[in-house]
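Shown next, in structure tokens, is the structure this report addresses.
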Amino acid sequence: MPNSDALAVVLLERIRGLDRADRAVLMRASIIGRRFRVAVLNATVELAEDRVRAALDTACTLELIEPVDANCEWYTFRHALIRDAMYEQFVKSRVRHAHRRIALAVERCAGQDALDDLAYHSWAAGDATRCIRYNELAGDRALAVFAYDDARTLYGRARAFASLRSLDYLRLSGKIDALRQSDRR
């Protein structure tokens, strides 16, 4: 029996095979439940029925879902983990959007005075540019007051959004390595 991490990787690869509209359809279906009716799904998405059916066909081809009846009026997710992964994608996309709006509002209203808020909400929003900038600045500020654990967390968040081998990644890695060296002393 495969372990859950390996299964999650396979599921994510299949989900990545879907375009944005297909993912949106399956995310809505995941909210309905493991088993869902096409009529209910159609009523909850802002797409034409033929587009919804095309998304369901693609998901069937990727073995994410399967029809329950011969008329294809009911479908089920092939595994509960698939439904859970789609549901999680829906929640993350909604939450990320909210964090992005908050980060932009904080940036407009408070600017650098709210550096910790900017760092957190940019990170939670998945906004790579702002995440790198604000988390690094917040990390620098934490380091200046000897809050090493906070600095390490903030630099790690920033580095997670930097492209491998980019100047940002290398600079942040240097800061994290310097913190590790100070831990050994």
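The table that follows gives values for the structure above.
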{"quantity": "Total charge dipole magnitude, region 1-118, about the Cα centre, Cβ charges on Lys, Arg, Asp, Glu only, Debye to nearest 20", "calculated": "160 debye"}
{"quantity": "Kirkwood-type radius of region 4-87, with distances r between different C-alpha atoms, in Å", "calculated": "12.5 Å"}
{"quantity": "Within the chain, helix-based [θ] at 222 nm, where runs of 4 or more DSSP H residues each add -39,500 (n - 2.57), nearest 500", "calculated": "-24000 deg cm²/dmol"}
{"quantity": "Full-extension gain in nm, residue 96 to residue 140, via 0.36 nm per residue minus C-alpha separation", "calculated": "13.3 nm"}
{"quantity": "DSSP loop GluC sites (Glu not before Pro) with at most 15 other Cβ within 10 Å excluded, longest remaining stretch of the chain", "calculated": "74-185"}
{"quantity": "Inter-label distance, nm, simple model (7 Å from Cα along the C-beta direction), residue 50/residue 13", "calculated": "3.4 nm"}
{"quantity": "Reciprocal of mean inverse Cα separation for the chain (Kirkwood radius, Å)", "calculated": "19.0 Å"}
{"quantity": "At R0 = 45 Å, FRET efficiency that the Cβ-Cβ distance of residue 81 and residue 182 yields, to 0.05", "calculated": "0.60"}
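Every read-out reported here was derived from the displayed coordinates using simple, explicitly stated rules and does not represent laboratory data. Computed from a predicted structure; not experimentally measured. Here Cβ is always computed from backbone atoms with ideal geometry, including for glycine, and neighbour counts include all displayed protein chains.
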